[in-house]
Amino acid sequence: MNLILRFLKPHWKLCVVTILLLIVDVAGALFIPTLVAEMLNDGTSGAAFSDIWHTGLQMAVVSVLAGTCAILGGYACAALSARVGKDLREAVYAKSLKLSVYDFRQFGTASITTRTISDITTIQFALTSTIQMIIPVPLVCILSLVLTFFLDVRLGGILLAVALVVLALAWVIMRSAAPLFRRLQKLLDRMSTVLLENLTGVRVVRAFNNEGRETGRMVGAFSDYAATSIKANRLFANLDGLAFFCINFFVVVVYWLSGARISAGVFRIGDITAVIEYAMMLLFFLMMAQMVILILPRALECCERVRLVLDHSPEIVDLVEQDPETDSSSSEVLAFRDVTFRFKDAEEDTLGHLNFVCRRGETTAIIGGTGSGKSTVASLILRFHDVTGGAIELNGVDIRQMTQAYLRDHLAYVQQKAWLFSGTIADNLRYSRAKASVEELMHAADVAQAGDFIRSLPDGLSSFVAQGGTNFSGGQKQRLSIARALVKKPELYIFDDSFSALDFKTDAALRKALAAETQDAAVLIIAQRVSSIRHANQIIVLHEGHMAGIGTHEELMKTCKVYQEIYEYQTKEAQEA
């Protein structure tokens, strides 16, 4: 509830207007039965036509006023709900951008997606329903009971008893529904996770002929969700039936008691109509409120899930508000000072006591076996994780003493698995620098050995790119990703095994062009192939998270046993191939 109030606060004026319009609508709707009763009583008692006409005119005015307020209130309520939903989604999305890889593991990508879309939609619906169906209930109950007691004390007491019974039923059913809706949201997360896995891994599923197995997983998730939904819907059905029974019971009682009272002259026909209308409105709003109350546990669970994201403290945060003044003329762009790192859920250090420097105009390479911690080095530089010991410095300043935005403005990162966004090639290349000219884009593409294939496309830079770049080959995606980094022109380039999909000829041409393009920047290449890094000014060999050697290719071939083994294995493998 506090979450909703927090996001309602900026829109308090619209909220007040919505509630005022709602009050006028409800008051007008309750006043009309009083006028109807007066008209019927006047008509059956032989009153003058002018009196009946005057009452009818009042009804018309009240109806127009109430109807206008109902329409305006509906628009205002819809606008309020939409604005709150928009603010919530923006807040969750902004927070998700600040979450680290470890934070995402806690929530899950599918769960974050569900919370941003489905959960907030549920919250919006509950907010609209609450304003329109629950907030008016106290006013409707009080006015209906007061007007009924004014006409007949006995009928007023019966109406009060029926209303209390309906409320008690709603309370009991709501308590039963809460755990069901909590389970529904968890099952929705599970469905989203399985569906996302099947869609993103569809090639693997087909390659192993496991369509039947994955269909079984998906059907199981669907079935569990359907079974829980049926249980929740049964509660709705039970409440509907009991509420209608209470309404019909009260109408029968009114007619049964009113016959003798009309004969005795203490009750009039118009009064019967008014009492039934009051009861209908009261019980209708109670019934509608019950329907809303039944979905409130689900909405509250959604609020809690959204709140957990918004109130989560990210693993990586800016420790300073102002960026430092760094010396961009320094030859040492990046330095690892006795860096140690351990994942939160790990028992041993992933990296231990790394010491090296990346200098301007030079290429530093990192090589090692699988699981040696190569990609973790890139994650630490980008502050996707924070070191647990030592320090990483950019231009002589600890990267924790600058904002993440400032740090990443000075870096260009090409990840191991190339990723392109839907749009055009130009859009993707400008992702690193929005105002880059067409000439700059093509120059970067030529350096990345992507210029020829871009020119061969009918639309060139305007060619369409599917989500993830699925309409391009792995090598084309890698070259476009490299070109995107080159467009940025940073102080430090990080290539995380970014040449793995390139053939040897393209790899060699790219390295030659890259050396000329990055003379004013430092280059860090993380690779598995010796052929991709033997030209580097210094090569760092990682083995089980520790530095097994550092030097040039020639030096390491003489001094580092791990590097020798890697080289000999790859050379033998190439000869056998």
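The values are calculated or read from the model by the stated rules, or taken from the named source; none is laboratory data. Here the structure is a predicted model, which is why all the values come from computation and not from measurement. Don't worry about glycine lacking a Cβ; one is built from the backbone with ideal geometry, like all the others, and counts go over all protein chains shown. Heads up: the accessible areas ignore ligands, DNA and RNA and are worked out on the full protein's heavy atoms, side chains in. Shrake-Rupley method; radii C 1.70, N 1.55, O 1.52, S 1.80 Å.
Search segment 82-108 for residues being touching a residue at least 40 places away in the same chain (Cβ under 8 Å) and among the acidic types (Asp, Glu), and hand back the single one that is most open to solvent (accessible area, probe 1.4 Å).
Going through the qualifying residues, I end up with Asp87.
How about segment 154-166: which of its residues are of a type outside the set (Gly, Ala, Ser) and either modelled with pLDDT of 80 or more or over 15 Å from Ala243 (Cβ atoms) (or both)?
Arg154, Leu155, Ile158, Leu159, Leu160, Val162, Leu164, Val165
Among the residues in segment 113-124, are any without any contact (Cβ under 8 Å) to a residue 40 or more places away in the chain, of a type outside the set (Asp, Glu), crowded, with 19+ Cβ neighbours inside 10 Å and out of contact with any Gly (no Cβ under 8 Å at 6 or more places or on another chain)?
Looking for residues that are without any contact (Cβ under 8 Å) to a residue 40 or more places away in the chain, of a type outside the set (Asp, Glu), crowded, with 19+ Cβ neighbours inside 10 Å and out of contact with any Gly (no Cβ under 8 Å at 6 or more places or on another chain), one finds at least one in segment 113-124, hence yes.
Which of the residues spanning segment 534-548 are on the phi > 0 side of the Ramachandran plot and open to solvent by 10 Å² or more (accessible area, probe 1.4 Å)?
Once the filter is applied, which keeps residues that are on the phi > 0 side of the Ramachandran plot and open to solvent by 10 Å² or more (accessible area, probe 1.4 Å), segment 534-548 yields only Glu544.
Checking the condition in contact (Cβ under 8 Å) with a residue 40 or more places away in the chain and in a strand (DSSP E or B), which residue from Ala299, Ala335, Ala289 passes?
Exactly one of Ala299, Ala335, Ala289 is in contact (Cβ under 8 Å) with a residue 40 or more places away in the chain and in a strand (DSSP E or B), namely Ala335.
Say we look at segment 283-325 and pick out the residues that are exposed (fewer than 15 other Cβ atoms within 10 Å of the Cβ) and of a type in the set (Val, Ile, Thr); which of these is farthest from Leu30 (Cα to Cα)?
Out of the qualifying residues, it is Val320.
Mind counting the residues in segment 155-178 that are within 36 Å of the chain's Cα centre (by Cα) and free of Cβ contacts under 8 Å to residues at least 40 places away in the same chain?
Selection size over segment 155-178: 3.
Answer with yes or no whether Lys489 is at positive phi, at pLDDT 90 or above and out of contact with any Asp or Glu (no Cβ under 7 Å at 6 or more places or on another chain).
Taking the combined requirement at face value, the residue satisfies it.
Whether any residue in segment 520-533 is surrounded by 15 or more Cβ atoms within 10 Å (Cβ to Cβ), in contact with a helix residue (DSSP H, G or I) (Cβ under 7 Å, 6 or more places away or on another chain) and either free of Cβ contacts under 8 Å to residues at least 24 places away in the same chain or farther than 23 Å from Arg359 by Cα (or both) is what I want to check.
No; the residues of segment 520-533 include none that is surrounded by 15 or more Cβ atoms within 10 Å (Cβ to Cβ), in contact with a helix residue (DSSP H, G or I) (Cβ under 7 Å, 6 or more places away or on another chain) and either free of Cβ contacts under 8 Å to residues at least 24 places away in the same chain or farther than 23 Å from Arg359 by Cα (or both).
Would you point out which residue out of Thr340, Thr370 is in contact with a Gly (Cβ under 8 Å, 6 or more places away or on another chain) and closer than 14 Å to Glu544 by Cα?
Thr340
Answer with yes or no whether Met281 is aliphatic (A, V, I, L, M) and either at pLDDT below 75 or under 30 Å from Ile32 (Cβ atoms) (or both).
Here the answer is yes, as Met281 does meet what is asked.
Could you list all residues from segment 446-477 that are part of a helix (DSSP H, G or I) and touching a residue at least 40 places away in the same chain (Cβ under 8 Å)?
Scanning segment 446-477 gives Asp446, Val447, Gln467, Gly468, Gly469, Gly474, Lys477.
Is it fair to say Lys435 is on the phi > 0 side of the Ramachandran plot and open to solvent by 50 Å² or more (accessible area, probe 1.4 Å)?
When the stated conditions are applied, Lys435 does not pass them.
Does segment 180-191 include one or more residues that are in contact with a helix residue (DSSP H, G or I) (Cβ under 6 Å, 6 or more places away or on another chain) and over 24 Å from Ile112 (Cα atoms)?
Taking every residue of segment 180-191 in turn, none turns out to be in contact with a helix residue (DSSP H, G or I) (Cβ under 6 Å, 6 or more places away or on another chain) and over 24 Å from Ile112 (Cα atoms).
What tally of residues in segment 197-230 results from selecting those that are open to solvent by less than 70 Å² (accessible area, probe 1.4 Å) and either under 22 Å from Leu184 (Cβ atoms) or of a type in the set (A, V, I, L, M) (or both)?
So the count comes out to 14.
Looking at (1) at pLDDT 85 or above; (2) more than 32 Å from the chain's Cα centre (by Cα); (3) of a type outside the set (A, V, I, L, M), which is the only condition Arg342 fails?
All conditions are met except number (2).
Are any of the residues in segment 231-245 open to solvent by less than 40 Å² (accessible area, probe 1.4 Å), in contact (Cβ under 8 Å) with a residue 12 or more places away in the chain and farther than 30 Å from Leu160 by Cα?
no
Quickly run through segment 491-519 and pick out the residues that are among the charged types (D, E, K, R) and open to solvent by 10 Å² or more (accessible area, probe 1.4 Å).
Within segment 491-519, Glu491, Asp497, Asp503, Lys505, Arg511, Lys512, Glu517 qualify.
Residue by residue through segment 440-490, note down the ones that are small (Gly, Ala, Ser) and crowded, with 22+ Cβ neighbours inside 10 Å.
Matches in segment 440-490: Ala444, Ala445, Ala448, Ala450, Ser481, Ala483, Ala485.
Can you confirm whether Tyr563 is surrounded by 15 or more Cβ atoms within 10 Å (Cβ to Cβ), under 21 Å from Ser498 (Cα atoms), of a type outside the set (Lys, Arg) and touching a strand residue (DSSP E or B) at 6+ places or on another chain (Cβ under 9 Å)?
For Tyr563, the condition - surrounded by 15 or more Cβ atoms within 10 Å (Cβ to Cβ), under 21 Å from Ser498 (Cα atoms), of a type outside the set (Lys, Arg) and touching a strand residue (DSSP E or B) at 6+ places or on another chain (Cβ under 9 Å) - is met.
Using beta carbons and a limit of 7 Å, which pairs, at least six apart or on different chains, have the first residue in segment 317-329 and more than 20 Å from Ala522 (Cα to Cα) and at pLDDT 85 or above and the second one open to solvent by 80 Å² or more (accessible area, probe 1.4 Å) and among the polar types (S, T, N, Q)?
If the second residue must be open to solvent by 80 Å² or more (accessible area, probe 1.4 Å) and among the polar types (S, T, N, Q), the pairs left are Leu319/Gln401; Val320/Gln401.
State the number of residues belonging to segment 529-573 that are out of contact with any Phe, Trp or Tyr (no Cβ under 9 Å at 6 or more places or on another chain) and part of a helix (DSSP H, G or I).
17
Go through Phe421, Phe356, Phe384, Phe343 for me and flag whichever is of a type in the set (A, V, I, L, M, F, W, C), surrounded by fewer than 22 Cβ atoms within 10 Å (Cβ to Cβ), in contact with a Phe, Trp or Tyr (Cβ under 8 Å, 6 or more places away or on another chain) and over 25 Å from Glu517 (Cβ atoms).
After applying the criteria, what remains is Phe343.
Could you list all residues from segment 454-471 that are modelled with pLDDT of 90 or more and touching a helix residue (DSSP H, G or I) at 6+ places or on another chain (Cβ under 7 Å)?
Listed by number, the residues that qualify are Ile454, Gly460, Leu461, Ser462, Ser463, Val465.
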